[in-house]
Amino acid sequence: MRQSDQLLFLVAFMDMVPHVYKMLFQSVETSEVSSLPATQLRALFIVIKNGKQSMSSLAELLSIPRQQLTKVVHALVEKQLVRRKINAANRRMILIEATEKGEALMQSILEHNLTQCSSYFSALTPEDQQILLKAMEIVKRVLIPSFSEQNPT
């Protein structure tokens, strides 16, 4: 891809991201969600989607330093959305897992988003949906390793 094409791609990508974020997170109107900063919301989502996470793996998946993650996890623990557990196999490792309250909150977010987004997605043909899924897989495959390399934990 030529540099001018890459620049156009980057501009289009940067233009899209805030709209997707707004559609998925800022439209949720519960007071609990609105009190969650984006990083806390993303951390909760990752823990629920992927199961228990070590602090190192969660920091890597969020692309933030461990020091920042400590504050994020502390806030989520105080809100009773996650809990810290000591790994039985390695007592020096702390695992983060979602609480029932955290899972219920994320379920309500997903249900709200499904309702919110269904009008957008109903305009897509099944073929368009498959193309978008493939495109998201490609972006994830390309971006996730590069974030890990740029932000060592």
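The values are calculated or read from the model by the stated rules, or taken from the named source; none is laboratory data. Computed from a prediction, not measured in an experiment: that's the story for all the values here. Here the Cβ is made from the backbone with ideal geometry for all residues, glycine too, and neighbour counts use every protein chain on show.
Some observations on this one:
- Scan of the range 39-80 for residues that are of a type in the set (G, A, S) and under 15 Å from L105 (Cβ atoms), ordered by number: A43, A75
- Scanning the range 109-127 for residues that are among the β-branched types (V, I, T) and either surrounded by fewer than 11 Cβ atoms within 10 Å (Cβ to Cβ) or in contact with a Cys (Cβ under 6 Å, 6 or more places away or on another chain) (or both) returns T115, T125.
- Residue check for L132: free of Cβ contacts under 8 Å to residues at least 12 places away in the same chain, closer than 30 Å to A12 by Cα and over 17 Å from the mean Cα position of the chain (by Cα): yes
- Unique match (being farther than 19 Å from S35 by Cβ, of a type in the set (A, V, I, L, M) and either at pLDDT below 95 or surrounded by 14 or more Cβ atoms within 10 Å (Cβ to Cβ) (or both)) among M93, M106: M93
- Matching residues, the range 5-48, being at pLDDT 85 or above, exposed (fewer than 12 other Cβ atoms within 10 Å of the Cβ) and polar (S, T, N, Q): Q6
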